[in-house]
Structures are given as C-alpha cells and as structure tokens.
Amino acid sequence: NHSAISATHCKGCGEPIPEKRRVAVPGCTMCIECQNFTDKRKKAGIA
C-alpha cells in the first residue's frame, strides 16, 4: 500500500527511522536493523 503512513520512530528500538527508508518502504514501522532481525526470526520460525 503506497499510501500507508510510515512511523517516524522504530517500534523495536525507538530510534528515528531515516526519511529515505520511510519513503522507500511506505508503512514501515521499524528501522532496517530491527526489520532484518525480525525477518530472520520469522524465517527461523521463532517469531
């Protein structure tokens, strides 16, 4: 959904999400580091 509103701060670590990421990934709620960590956990069946 390209009209989704991105979070300004990561729901994982609380750090600000860079504007470039918020524009590139509409509706994102996590910084790239936390998103990668979450994705790895999902692939491993942990999440």
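Enter the angle in degrees (range 0 to 90, nearest 10) between the Cα long axis of helix 32-44 and the first principal axis of the Cα atoms of the chain, meaning the one along which they spread out most.
30
Which order do peptides 29-40, 9-20 fall in by mean Cβ count within 10 Å, highest first?
Details: 29-40: 15.3, 9-20: 12.7.
By packing density, highest mean first, the sequence is 29-40, 9-20.
Based on alpha-carbon positions alone, could you give the equivalent ellipsoid semi-axes of the chain from the gyration tensor, as √(5λ), descending, whole Å?
20, 12, 8
Sequence-distant or interchain residues sharing an amide H contact under 5 Å with His9, placed H: which?
Excluding prolines and chain starts, which carry no amide H, the hits are Ile17.
Carbon-plus-sulfur fraction of the accessible area of the chain, 1.4 Å probe, in percent?
Here carbon and sulfur together make up 56 percent of the probe-accessible area.
State to the nearest 20 debye the size of the charge dipole of the chain about its Cα centre, where the only charges are +1 on K and R beta carbons and -1 on D and E beta carbons.
Magnitude of the dipole: close to 180 debye.
Just the accessible area per residue of the chain, please: how many Å² with a 1.4 Å probe?
Details: 3660 Å² over 47 residues.
Solvent-accessible surface per residue comes out at 78 Å².
The values are calculated or read from the model by the stated rules, or taken from the named source; none is laboratory data. Keep in mind that what you see is a predicted model, and the values were worked out from it rather than measured. In this analysis, Cβ positions are derived from the backbone assuming ideal geometry, glycine residues included, and neighbour counts consider all displayed protein chains. In case anyone asks, the SASA skips ligands and DNA or RNA and just uses the protein heavy atoms, side chains included. Shrake-Rupley method; radii C 1.70, N 1.55, O 1.52, S 1.80 Å.
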